[in-house]
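The structure under discussion appears below in the form of structure tokens.
The values are calculated or read from the model by the stated rules, or taken from the named source; none is laboratory data. The structure presented is a predicted model; accordingly, all values stated were derived computationally and were not measured. Neighbour counts are summed over all protein chains in view; Cβ atoms, including those assigned to glycine, are modelled from backbone coordinates with ideal geometry. The protein model used for the area step is the full one, side chains on, heavy atoms only, and it has no ligands, DNA or RNA in it. Shrake-Rupley method; radii C 1.70, N 1.55, O 1.52, S 1.80 Å.
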Amino acid sequence: MISELTSSPVIRRSPANPVLTAADVPYHATLVFNAGVTKYQGQYVMVFRNDYGSAEEGRLDGTNMGLATSVDGVSWQVSPQPCFELHDDEILRAYDPRLTVLDGRCYLCFAVDTRHGVRGGIAVTDDFSHYDILSLSVPDNRNMVLFPERIGGQYVRLERPFPVYSRNWQERFDIWLSDSPDLRYWGGASLVLAVEDVPFANAKIGPGAPPVKTRAGWLTTFHAVDIDPARGKNGWEERWQKRYSAGIMLLDLDDPRRIVGLYREPLLAPEAPYEVAGGFRNNAIFPGGMILEDDGEVKIYYGAADTVECLATAHVDDLLALCGK
Ligand code: BMA
């Protein structure tokens, strides 16, 4: 069992946390979390997951995604209508958006629950109202994140397939990378980080926010899950035995399949009140957005307790030092 986990001293939670909650959303919203965040056309842009239902009755009815914009990355204005939703006879919902600006266009990666498995999707938009869906992976795959530039001429993504048959029917899942000439056809798959290599995970890991480029490599977050069968009810659900923490690593600039630095302790572990209590699934930290500012400040956006959206900051040099650079 993995016992106590604490956050790195280099990271600071925003005093404004949570920076977005259901109360900020002008339509039916219940759990507002796991957002993708980027800078696009001169402002901060956030696409958040909204699971709507009734907190009082402990009931969820559906999922859509909402759009919010900000001038400072801390206080957000939510658009009047949801901005993205997939639902038909086959597709149950799309969720957990991540945003990457690449060649001036905004790409949205997301997970799709279908009747025949979970798929990872990539769409492109210029206005957050029209989307061109470029690819949907074979099941089961999710937590897709796109790098913000081509590397060696190829588009590159991190992803998290979930092989159960070959992993003894347990959640032992790892982070992979694949590349593409056109964002539609993906191949060259290789393992990047295995769950066994993360001391604060005993179950699965997955990519967090899209990587940011630094002098020492691609800096990127991931989520790490530990399960303790002794844990019981901790949130809405009858049994919630998992804890999600955030980790950080550094990938080689020219060959991002290669890890050049890995912090072997959590960057962020659930500790703040809005992370450990009062939520749908307490003790869940799920990073989905990361912005490197000109002055070296790194903003990390994360869903907390599957209920609200939060922000933490650190200096890029401190994050690189955690990764041994
Ligand atoms: C994962 C995903 C995330 C969620 C997390 C914790 O498997 O479903 O969307 O935040 O579980 O519940």
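Radius of gyration and Dmax for the chain's Cα atoms, expressed in Å?
18.0, 52
Amide H of Arg258 versus every other amide H placed in the peptide plane: which residues, excluding those fewer than 5 positions away on the same chain, fall under 5 Å?
Asp252
Fully extended, how many nm does the chain gain between Ala16 and Glu90 (0.36 nm per residue separation, minus their Cα-Cα distance)?
Answer, rounded to one decimal: 22.7 nm.
Pull out the extension gain between Ala194 and Asp182, defined as 0.36 nm times the separation in residues minus the alpha carbon to alpha carbon distance; nm, one decimal.
1.6 nm
What residues qualify as long-range amide H neighbours of Asn282, i.e. H under 5 Å apart, gap of 5 or more or another chain, H built at 1.01 Å from N?
Gly235, Trp236
For Val101, what residues show an amide H to amide H distance below 5 Å, using hydrogens built from the backbone and excluding near sequence neighbours?
Correct list: Tyr107.
Can you classify the stretch 1-90 as rounded, prolate or oblate using the Cα gyration tensor, where a ≥ b ≥ c are the square roots of its eigenvalues, rounded means a/c under 1.5, and otherwise it's prolate if a/b beats b/c and oblate if not?
oblate
For Glu149, put the label point 7 Å out on the Cα→Cβ axis and report which residues of the stretch 204-225 keep their amide N under 20 Å from it.
Residues passing the 20 Å test: 209-221.
When the accessible area of the chain is split by element with a 1.4 Å probe, what percent falls to carbon and sulfur?
C and S fraction of accessible area: 48 percent.
Would you mind calculating the gained length between Leu60 and Gln241 on full extension (0.36 nm times residue separation, minus the Cα-Cα distance), in nm to one decimal?
Additional length available on full extension: 63.2 nm.
Using a 7 Å offset from the Cα along the Cα-to-Cβ direction at both Val71 and Tyr27, what is the distance between the two label points in nm, to one decimal?
2.6 nm
Considering only protein heavy atoms, what per residue accessible area in square angstrom results for the stretch 172-270 with a 1.4 angstrom probe?
For the stretch 172-270, the solvent-accessible area averages 37 Å² per residue.
GNM, the chain, Cα, under 10 Å: largest mean-square fluctuation among Leu86, Leu67, Leu20?
Leu86
How much accessible area per residue does the stretch 1-133 have, counting only protein heavy atoms and a probe of 1.4 Å, in square angstrom?
44 Å²
How far apart, in nm, are two points set 7 Å out from the Cα along the Cα-to-Cβ line at Gln41 and at Arg167?
Computed distance between label sites Gln41 and Arg167 equals 3.9 nm.
Each residue of the stretch 147-155 in order: what ³J(HN,Hα) in whole Hz does its phi give by Karplus 6.51 cos²θ - 1.76 cosθ + 1.60, θ = phi - 60°, with x for Gly and Pro?
5, x, 8, 6, 10, x, x, 10, 6
Give me a comma-separated list of calculated 3J(HN,Hα) values for the stretch 172-179, in order, Karplus coefficients 6.51, -1.76, 1.60 applied at θ = phi - 60°, integers in Hz, x for any Gly or Pro.
10, 10, 10, 9, 10, 9, 9, 10
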